[in-house]
Every structure is written in structure tokens, then in C-alpha cells.
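Report on the structure given below.
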Amino acid sequence: MRAADAAACAQVGADALMRAAGRAVAARIAALVPSGTIVAFAGPGNNGGDAFAALAELDASYERIVCAAYAATKSDARRAAEGRALAAGVNVRAFPRDEAEARAIARDAALTVDGLLGTGARLPVGEDLAPALAALDARERPVVAIDVPSGCDALDGAIGPHAVRATETVALGALKPGLLLEPARSHVGRLRFAGLGMSQALLAAQPRTYAAVDDAELLALLPARDATADKRAAGAPLIVAGSTQFPGAAVLCARAAARAGAGYVTVATSPRVAHVLRHHLVEQVVVAIDDTGSVDDAVGGLLDVAARNGSIAIGPGLGLDERTGEIVRGLLARTSLPCVVDAGGLYHLAKHLEPLRGKKIVVTPHAGEFARLSGKGTIAPGERVARLREFVARTGIVTLLKGPDTLIDDGVTMHLNASGCAALATAGSGDVLTGMIATQLAQGLAPVDAARIAAYWHGLAGETLARERRVGVVAGDLPDALARALP
């Protein structure tokens, strides 16, 4: 980002970029509070300059105060921003000496602005800035953070002992990965983006190891039905799921596959479960696979059913017995269809991953399942990215690691999911995601694309339901919310 910023400065000038940043931040301030006192805490660098630029853009209906930290040197762009702010009537004060003074300055503010550190900061933050960090807390009043909440690492999402809690964060130029990684993600608030006029060619010239789906990419990648498509051509996933203990997982997965756009959903399950599923699934076909014969017979029966399908989802609600494990491994070894594996299917793949290398497969573990699947134990705080990269490099399997900061890695790019909320923390939510991925695979998407757009769409559905219902969202609500959640 620093290299892209330097290139943009050479193209259009640093002053033009700082003015653009100021306008973007000022627009968010005005959207959040129509009037009142705005207090900005400005650090010594260009992030502090952006704070001056923002308050310079606000009109005189606001009382505008900047508390500026001492800066030994200042860029020309920052000096210009300070000049504009003074000319516009912004009141510049000395930086607070302690937390009590910082809180006193912010106490009557309608909104505070975090312009302390920005992208280049590294933890831990100096104690001289700690008083202002403590006063910038969205639990007390609205806070707009410029680029990155101060005290949060822009690269890995780590936070220090002092970290700003923002109401909104305005990311400048491009999103920084730390904004989408916990624990920093919980400090970002609502994430806004301001491109500052940087050209796509300029940004594309920089190496990227992270990416994130947005609304436009979801709609661009989401397959559209051909006008002449029949029900199988529209997407025909086979879902191998369910057990006497967990029949509901198969129902959720199948309903999600259908609501995600599949034209013909087939569920294969045990005869002891089939009658339960048929009671709940009207539009989907339920077939019973004999569970009394040999493993080869069961795998052969599944392959016969799969002959007219475009993908396989395997795992939701499956039993953990060894015979089921042999069927799971046998089916995955012998099919050439793209597959998504979750839940019980993942349990049976531990220590049996090598035969899957090179196949079109997505695995979707949560942290506990990943600990078993990877063979390397529990993920320590801050290790999610590194552990996932190591696993994918070793196995060659596209992996979606679920969590509040869901990650999808294909060995080339680490995709960070920008959507979702705590409403998704409910039993069966992962079964819904599995059905959605199965549909995208059946419709021809590559495994990494199927995983990342399904995760993003799934998160949008959770956000939609959270707005509609403050409490009580359950996984069964998600399939019917998918259409409403599309941007």
C-alpha cells in the first residue's frame, strides 16, 4: 500500500490524495451526525494530515477541534491540510497529556475522529498516544477511524493494549487485510471504502496475496441460468448427508442448495433417515442408500446416483462410525465430480488427505475441525492465516476456514470474507453454507470461486436477518433470506 501510495503521489500529487481522503472522511462524519462538536485526534504523520483535511471540509455548522500530536517533520501535503483547516476556522489544540484530559476534551463531542496512526503503525503503540486511544471508544460516542483504527495492525489484525473502537472505518486506497481479521475486525465497526481516485492499473501493479469479494464481484461470478436450461443444467448437486441423530443437517443443506439456485437437488442418505427427510423436503429428491451391504456396494450406489449430478456435498449430519468413514473416503477417491466436504465428512478425512490432492474439492472446517484435519492441533490466537497457508500448501486442497473472520485459501491468494455477523453463530449455519457451495460447484464455478462467493452471500443473508430480527435467528431462516440478501 505504501508503494501504491507513492506511485499515486507521483501521478496526481500527495496534496490531491489528502484532499480526497478529507472529503471521504468528512462525508461519513456528516452522514453520522448533522451538527455539533467534532473532535479529531491527529497523530504526527499523514494520517493526522487526513484528519485536518477532513475537518477543513466540514462547514461552520460544526464546531471543529483538532488535538494534534507533536510532529518533528511534516509533509508538504500535511502542511497544506493544516493551512486549509486553520483558514476554515478549525480550532487546533495541544495533544492531551493523560487519559483524563483526553476524555474531558471528547466528553461533549457529537463525534470523534481517529487520525492518529494509519497504515504504517506497528504494535505496540507508543504510550504518548495511549490517552487519546482510550478516549476514542464507540461505546461512548460515534468514532470515525481514518484508514485503520489506531492500535490495530493493518496487516495481521493484531491489537495492542490500547486500540480504538470505531463506529466506522474509512479505508483509503485499498482495504488492508487486518481490517477483516480478528481481533482488529471487531474494532473496525462499519467498514467504508474510499478509492481516492487511485487507478486500478496502479493498484494492480502491486503484488497481492489477499483479496475480498464485494457486491459487484458476487453478482459477476454468480451463474445465471441460460434461457434454455433444463432443471439439471441449472445445477444438480448430490448431497450425501444425515443420520438418525442429525437428520436436520441434511434438510438445511438441501434447502440451501435449492435456494442458492440449483434446479435439481438429490439427497442420498440411510434408509433409516430417508422417511424423515421426505417429510421435510418437498421439492428435493431423497434416495436411500443401503447401509447393510458392503462398503463397495454403498460407494457404487452413490456413484450410480451421482452419474447425473454436477457436484457432491458430503458430510452434514453424517455419523462418525468407521463404516461411514470408509464410504466417505471411497466416494471421494472414486468420483471425478467437484465436491465440498463438511462436518462428519471432515472427521473421516483426518490422516487421509493425500489422495485428494489435485481434485476439485473444497473443505469447510471450523477451528475445531481444522485442528483435527490439519493434524497440528488447536490454532493459537493470531495464527489462522499462517496455519491455513501451511495446510493448503501441504495438501493442495482449497480450504474455507470458518469463523467470524472466514478465510478461503487456494494456495495462491488468501481470500478474506467481508460479510457476516454474530447472527450466523447458530447450529446448522455451516450446513447451509455447504449446500450453497455445492450449488455453485454444480453450476460450473471453480472450487475457490464457489467457496468465496457462497461465504460472502451467506454472510449477507446473516446480516439481512439480523436487521429483521434482533434475536432468534436460526439456520432454517437462512435459505429463504438468500434472495433478499442479494445486492
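Annotations for the structure displayed:
- Test: T406 is of a type in the set (S, T, N, Q) and either more than 16 Å from D342 (Cα to Cα) or outside the structural domain of G235 (by TED's automatic domain parsing) (or both): no
- Of all residues in the stretch 79-89 being surrounded by 16 or more Cβ atoms within 10 Å (Cβ to Cβ) and either modelled with pLDDT under 95 or aliphatic (A, V, I, L, M) (or both), the one that is farthest from I38 (Cα to Cα): A80
- Matching residues, the stretch 254-292, being free of Cβ contacts under 8 Å to residues at least 12 places away in the same chain and of a type in the set (V, I, T): V282, T292
- Members of the stretch 399-450 that are on the phi > 0 side of the Ramachandran plot and over 14 Å from the mean Cα position of the chain (by Cα): G411, G428, G444
- Of the residues making up the stretch 249-308, those that are over 25 Å from T426 (Cβ atoms) and β-branched (V, I, T) are T266, V285, V287, I289, T292, V295, V299, V305.
- Elements of type helices (runs of 4 or more DSSP H) in the stretch 1-86, at least 1 residues being of a type in the set (S, T, N, Q) and over 15 Å from T112 (Cβ atoms): 2-12, 46-57
- Qualifying residue in the stretch 50-61 (condition: buried (at least 24 other Cβ atoms within 10 Å of the Cβ), in the same structural domain as R165 (by TED's automatic domain parsing), within 28 Å of the chain's Cα centre (by Cα) and closer than 17 Å to G197 by Cβ): yes
- Residues satisfying the stated conditions in the stretch 90-130, i.e. under 24 Å from V33 (Cβ atoms), surrounded by fewer than 16 Cβ atoms within 10 Å (Cβ to Cβ) and out of contact with any strand residue (DSSP E or B) (no Cβ under 7 Å at 6 or more places or on another chain): E99, A104, R107
- Matching residues in the stretch 135-159 - criterion: being among the small types (G, A, S) and either in contact with a Cys (Cβ under 8 Å, 6 or more places away or on another chain) or not assigned by TED's automatic domain parsing to the domain that holds R103 (or both): A158
- Looking only at the stretch 89-132, residues that are part of a loop (DSSP other than H, G, I, E, B) and either without any contact (Cβ under 8 Å) to a residue 24 or more places away in the chain or hydroxyl-bearing (S, T, Y) (or both) come to 4 in all.
- Selection of the stretch 321-346 for residues being over 30 Å from the mean Cα position of the chain (by Cα), within 18 Å of A250 (Cβ to Cβ) and of a type in the set (D, E) yields only D321.
- Number of positions in the stretch 261-290 that are assigned to a helix (DSSP H, G or I), of a type outside the set (V, I, T) and either touching a Pro at 6+ places or on another chain (Cβ under 9 Å) or surrounded by fewer than 18 Cβ atoms within 10 Å (Cβ to Cβ) (or both): 7
- One residue stands out in the stretch 329-388 among those that are of a type in the set (D, E) and out of contact with any Ser or Thr (no Cβ under 7 Å at 6 or more places or on another chain): the one that is nearest to L155 (Cα to Cα), namely E383.
- Among the numbered conditions (1) assigned to a loop (DSSP other than H, G, I, E, B); (2) more than 23 Å from the chain's Cα centre (by Cα); (3) at pLDDT 90 or above, the only one that P161 does not meet is (3).
- Which numbered condition S294 misses (of (1) within 30 Å of the chain's Cα centre (by Cα); (2) over 24 Å from G396 (Cβ atoms); (3) of a type in the set (S, T, Y)): (1)
- Residues of the stretch 133-153 satisfying the condition of being part of a loop (DSSP other than H, G, I, E, B) and surrounded by 24 or more Cβ atoms within 10 Å (Cβ to Cβ): L136, D147, V148, P149, S150, G151
Table: residues versus (1) over 29 Å from the mean Cα position of the chain (by Cα); (2) at pLDDT below 95.
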residue: L219; (1), (2): no, no
residue: R225; (1), (2): no, yes
residue: K231; (1), (2): yes, yes
residue: G235; (1), (2): no, yes
residue: V240; (1), (2): no, no
residue: T244; (1), (2): yes, yes
residue: A250; (1), (2): no, no
residue: R259; (1), (2): no, no
residue: S270; (1), (2): yes, yes
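- All positions within the stretch 388-432 that are more than 21 Å from C253 (Cα to Cα) and among the hydroxyl-bearing types (S, T, Y): T395, T413
- Here L203, L175 are screened, and the one residue that is under 17 Å from the mean Cα position of the chain (by Cα), closer than 26 Å to V448 by Cα and either among the hydrophobic types (A, V, I, L, M, F, W, C) or modelled with pLDDT under 95 (or both) is L175.
The values are calculated or read from the model by the stated rules, or taken from the named source; none is laboratory data. Given the structure is predicted, the values throughout are model-derived calculations rather than measurements. With ideal geometry, Cβ positions are generated from the backbone for all residues, glycine too; neighbour counts draw on all protein chains shown.
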